[in-house]
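Working notes, structure below.
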Amino acid sequence: TMMLDRLSPQAPDALLALIRLHDADPRDDKIDLGVGVYRTEDGNTPVFAAVKAAEQRLVQEQDSKSYLGPEGDMGFVNALMPHIFGADPTMGGRISGMQTPGGTGAVRLALALAQKAGVKRVHMGVPSWPNHAQILADLGLELVPFDHASPDGTANLEAVLDAIVNAGVEDAVLLHGCCHNPTGIDYTADQWEQIAEALAQSGTFPIIDSAYQGLGQGLEADAAGLRSVLAKVPEAFIAYSCDKNFGQYRDRVGAFYILGQDSKALETAFSNANALARACWSMPPDHGGAVVRLILRDPELTAMWMAELDDMRGRMRGVRDALAAAGSAGRIDLTPLGTQNGLFAMLPVTKEEVAQLREGHGIYMAASGRINIAGLTMGNLPKFIAALAAVAH
Ligand code: PMP
């Protein structure tokens, strides 16, 4: 037999399949709540004006495309730090970073480095972004799941504290920094404090994935949980994505940061991270990171970016408020969506109901019941709520 015959077909990405179904649907009033990208009231995912301006500058000013190292554009990595870590961005020389191909690259690198340092099991609230489980499986790390949410639509604090307190020395815990994907359910400030305290007491290693800063409650508020953890623990990994909050999805812009005890610990850790990156993607794509660097080093472009981000957040907040104000649709309680954050929410619908919404009403969402809040507008919201009520009675 041929070597390739030894491969068995893998399931295609469910959300990409959903995009094709949606594109083929001739109905004018169809609604796409599938793939996780921001959309305007007109249903578009435009390039940020701040990004366009920085790209123009890049074309004018870039004088070489020669190789950088596996760490990528350190100007980008450092310019981002005050926004993530606050007024003392290195925490006295204890935080440093490197560029990665998207948040996905950062998550991959964080987990691979944790594994290299002896981590065998990773505790994680479920449901989670499906790629978390895929990366863990690909690395051969054991996923130890706990329930992220309680049935009332709030975070299950007991479950995460239990996981942290009972974890062993070969365990890490993977947390979402803000705008939890897929539930939209974030820990409150008080819950983050308790999580930070439990991490400090138990010594369980925290890995924080922050992919949506600025799209929940605002740039500073969305970093508060992460900062309260870092203030208390000796060591942590942070995986960061600029693909949503700078709208650079396809340019793959991310960074990986390490909090360590001192600069010597960081140096050794990054020599390992660089070796892992070198063996995997060699170095990250430059363009998107260079764009973020240009924006963040220019006060005018920074202000422009922040205003655009605020608009996006405000629009999604408006949709959430309108959903919550509607109260319910059939048996579905919509009020928790008002207090949740970011692009996503989970509706307690069955697979059959998801199929009925798609076939009968042209409403496209993941089989899990996850919806992209940014797919909703003041225009299509009444239709969405009516269809949901008709199906989920
Ligand atoms: N983490 C989470 C929780 C995400 O939802 C995503 C994007 N879907 C990522 C990481 C990775 O983002 P990207 O690789 O597109 O930067």
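Taking the alpha-carbon centroid of each part, what is the distance from the stretch 263-303 to the stretch 36-80 in angstrom?
13 Å
Using a/c under 1.5 as the rounded threshold, could you call the stretch 135-269 rounded, prolate or oblate? The axes a ≥ b ≥ c are square roots of the C-alpha gyration tensor eigenvalues, and prolate needs a/b larger than b/c, oblate otherwise. Write out the running numbers ahead of the final one.
On the way: a/c = 1.35, a/b = 1.05, b/c = 1.29.
It comes out rounded by the Cα gyration axes.
For a Förster distance of 41 Å, can you work out the FRET efficiency between the beta-carbons of Thr40 and Glu158, rounded to the nearest 0.05?
0.55
Counting only Cα, what are the radius of gyration and maximum Cα-Cα distance Dmax of the chain, in Å?
Reported Rg and Dmax, both Å: 21.1, 62.
Can you give the local net charge around Gly342? Use residues other than it whose beta-carbon is closer than 11 angstrom to its beta-carbon, Lys and Arg +1, Asp and Glu -1.
+2
How do Val354, Val169 rank when sorted from fewest to most other Cβ atoms within 10 Å of their own Cβ?
Listed from fewest to most nearby Cβ atoms, that is Val169, Val354.
What is the helix-to-structure angle for 299-326, meaning the angle in degrees between its Cα long axis and the longest Cα principal axis of the chain, kept from 0 to 90 and rounded to the nearest 10?
40 degrees
Under a point spin-label approximation (7 Å from Cα along Cα-to-Cβ), what is the Leu21-Arg297 distance to one decimal in nm?
4.7 nm
Give, rounded to the nearest 20 debye, the magnitude of the charge dipole that the stretch 226-318 has about its Cα centre when Lys and Arg contribute +1 at Cβ and Asp and Glu contribute -1 at Cβ.
260 debye
In whole Å, what is the distance between the alpha-carbon centres of the stretch 1-29 and the stretch 166-183?
Using only Cα atoms to place each centre, the spacing works out to 30 Å.
What's the exposure ranking of Leu230, Leu347, going from fewest to most Cβ atoms within 10 Å?
Ranked by crowding around the Cβ, least crowded first: Leu347, Leu230.
With everything on Cα atoms, drop me the angle between helix 381-391 and the longest principal axis of the chain, reported from 0 to 90° to the nearest 10.
The helix 381-391 is inclined about 70 degrees to the chain.
What nm value, rounded to one decimal, do you get for the distance between Ala279 and Tyr67 when each label is placed 7 Å out toward the C-beta?
With each label placed 7 Å out from Cα toward Cβ, I get 1.8 nm.
Suppose R0 equals 41 Å. What FRET efficiency, 1/(1 + (r/R0)^6) with r the Cβ-Cβ distance, do Glu220 and Leu139 give to the nearest 0.05?
Rounded to the nearest 0.05, the efficiency is 0.80.
Any idea which of Ala54, Ser66, Ala87 is furthest toward the positive side of the dipole for the stretch 40-154, if Lys and Arg beta-carbons carry +1 and Asp and Glu beta-carbons -1?
Ser66
Once phi is turned into ³J(HN,Hα) by the Karplus curve 6.51 cos²θ - 1.76 cosθ + 1.60 with θ = phi - 60°, what whole-Hz value does each residue of the stretch 201-211 show in order, with x for glycine and proline?
After applying 6.51 cos²θ - 1.76 cosθ + 1.60, I find 5, 8, x, 5, 7, x, 10, 10, 9, 10, 10 Hz.
Taking square-rooted eigenvalues a ≥ b ≥ c of the alpha carbon gyration tensor, is the stretch 203-244 rounded, prolate or oblate, where a/c under 1.5 means rounded and, failing that, a/b exceeding b/c means prolate?
The shape class here is oblate.
For the chain, how many pairs of lysine residues have a Cα-Cα distance under 21 Å, where the two are 8 or more positions apart or belong to different chains?
7
For every helix of n ≥ 4 consecutive DSSP H residues, a contribution of -39,500 (n - 2.57) applies; sum these over the chain, divide by its total residues, and give [θ] at 222 nm rounded to the nearest 500 deg cm²/dmol.
About -14500 deg cm²/dmol.
Tell me the relative contact order for the stretch 101-181 as a rounded percent, counting alpha carbon contacts under 8 Å between residues six or more apart. Mind dumping the intermediate values first?
Values: 84 pairs, mean separation 29.0, N = 81.
Relative contact order for the stretch 101-181 comes out at 36 percent.
Apply the a/c threshold of 1.5 to the C-alpha gyration tensor of the stretch 1-64 and tell me whether it is rounded, prolate or oblate.
oblate
Can you give me the relative contact order of the stretch 45-192 as a percent, contacts being Cα pairs under 8 Å and 6 or more apart?
Once divided by the residue count of the stretch 45-192, the mean separation gives 19 percent.
Distance in nm between label sites at Leu58 and Ala189, each 7 Å beyond Cα in the beta-carbon direction?
Result for the modelled spin labels: 3.6 nm.
Return Lys52, Lys351 ranked ascending by Cβ neighbour count within 10 Å, so the fewest neighbours appear first.
Ascending number of Cβ neighbours within 10 Å: Lys351, Lys52.
In degrees, nearest 10, range 0 to 90: what is the angle between the Cα axis of helix 351-361 and the longest Cα principal axis of the chain?
Approximately 60 degrees, to the nearest ten.
Give me, ordered by chain and number, the residues 5 or more places off Gly254 or on other chains with an amide H under 5 Å from its own placed amide H.
Thr100, Gly102, Cys242
Where a number appears in this text, it was derived from the coordinates with a stated rule and is not lab data. Bear in mind the structure is a predicted one, so any value in this text is a computation, not a measurement. When we count neighbours, we look across all protein chains shown, and the Cβ atoms used for this are built from the backbone with ideal geometry, even at glycine.
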